[in-house]
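The values are calculated or read from the model by the stated rules, or taken from the named source; none is laboratory data. Given the structure is predicted, the values throughout are model-derived calculations rather than measurements. Glycine also receives a Cβ, built like all others from the backbone with ideal geometry; neighbour counts cover every protein chain displayed.
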Amino acid sequence: MVPNGPWIGPGSALGFQSRLCLGPTSIWGSASIFWTSGTPAHLATAYQELVQILDESGQALPANQPGFRGDVDLVRRELDCAVVNYWINRCAKTGRGTYQTVRGAFAEGGPVYPYARILEKTHIQIAVRDLDCILGYFRPR
């Protein structure tokens with residue numbers, strides 16, 4: 001069961017314990033999408049295919065959107081989500097494997113010091129697609 005309550009919301013942190021969910025070996029090597037040297041090309045292909053499919057069906061392509069006033073990082077990543085989900089579903093349909101989790105790094109915010117590539121709000125997000133992987137959850141202190 002996915003937790004719900006007044007303490008869960010935008011900007012909330014939720015800890016969870018999970019078992020390592022390994023699925024069939026794929027082009028990335030495990031059940032998670034790891035951003036490797038080949039991944040950008042695969043996602044670029046997925047984007048092009050998704051554009052064509054949506055265009056042919058008369059549907060609009062999702063767009064990344066600002067999440068708040070002054071948001072230059074476009075934190076509502078609806079396009080990115082659609083492309084990754086399209087690729088994952090395509091892999092499942094073509095026998096390339098299924099994915100229980102997806103991990104992505106997001107570089108956001110300004111540099112922490114002059115000329116830095118370490119940014120103020122850089123973080124890792126994990127999307128658990130298979131809730132059976134979650135053994136429990138807690139609210140971090």
Taking the condition of being in contact with an Asp or Glu (Cβ under 7 Å, 6 or more places away or on another chain) and in a loop (DSSP other than H, G, I, E, B), how many residues in the stretch 76-122 meet it?
7
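Taking the stretch 46-75 only, how many residues are assigned to a helix (DSSP H, G or I) and among the hydrophobic types (A, V, I, L, M, F, W, C)? Can you show your working first?
Start the filter on the stretch 46-75 by keeping residues that are assigned to a helix (DSSP H, G or I), which leaves 46-56.
With the extra rule that they be among the hydrophobic types (A, V, I, L, M, F, W, C), the set shrinks to 46, 50-51, 53-54.
Looking only at that region, the number is 5.
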Hey, SER30 hits all of (1) at pLDDT 90 or above; (2) buried (at least 16 other Cβ atoms within 10 Å of the Cβ) but one; which does it fall short on?
(1)
Checked the stretch 36-66 for anything in contact (Cβ under 8 Å) with a residue 12 or more places away in the chain and within 23 Å of LEU119 (Cβ to Cβ); matches are LEU43, ALA63, ASN64, GLN65
Exactly one of (1) without any contact (Cβ under 8 Å) to a residue 60 or more places away in the chain; (2) of a type outside the set (Asp, Glu); (3) over 25 Å from LEU119 (Cα atoms); (4) in contact with a helix residue (DSSP H, G or I) (Cβ under 7 Å, 6 or more places away or on another chain) is unmet by GLN100. Its number?
(1)
Here the residues within the stretch 64-91 that are closer than 13 Å to PHE106 by Cα and basic (Lys, Arg) are ARG76, ARG77
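Let's see how each residue does on (1) within 24 Å of LEU131 (Cβ to Cβ); (2) exposed (fewer than 14 other Cβ atoms within 10 Å of the Cβ):
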residue: VAL51; (1), (2): no, yes
residue: LEU54; (1), (2): no, no
residue: GLY58; (1), (2): no, yes
residue: PRO66; (1), (2): no, yes
residue: VAL84; (1), (2): yes, no
residue: GLU108; (1), (2): no, no
residue: PRO111; (1), (2): no, yes
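Give me the residue from the stretch 98-119 that is under 17 Å from the mean Cα position of the chain (by Cα) and not polar (S, T, N, Q) and, out of that set, nearest to VAL72 (Cα to Cα).
Step one: of the stretch 98-119, the residues under 17 Å from the mean Cα position of the chain (by Cα) are 98-108.
With not polar (S, T, N, Q) added as a condition, the list becomes 99, 102-108.
Numbers: TYR99: 30, VAL102: 24, ARG103: 22, GLY104: 19, ALA105: 17, PHE106: 13, ALA107: 12, GLU108: 9 Å.
Looking at the filtered set, the residue picked out is GLU108.
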Determine the pairs where a residue that is closer than 17 Å to GLN100 by Cα, located within the stretch 128-141, has a partner that is modelled with pLDDT of 80 or more and assigned to a loop (DSSP other than H, G, I, E, B) with Cβ atoms under 7 Å apart, the partner being 6 or more residues away or on another chain.
ARG129/TYR99; ARG129/GLN100; ASP130/GLN100; CYS133/GLN100
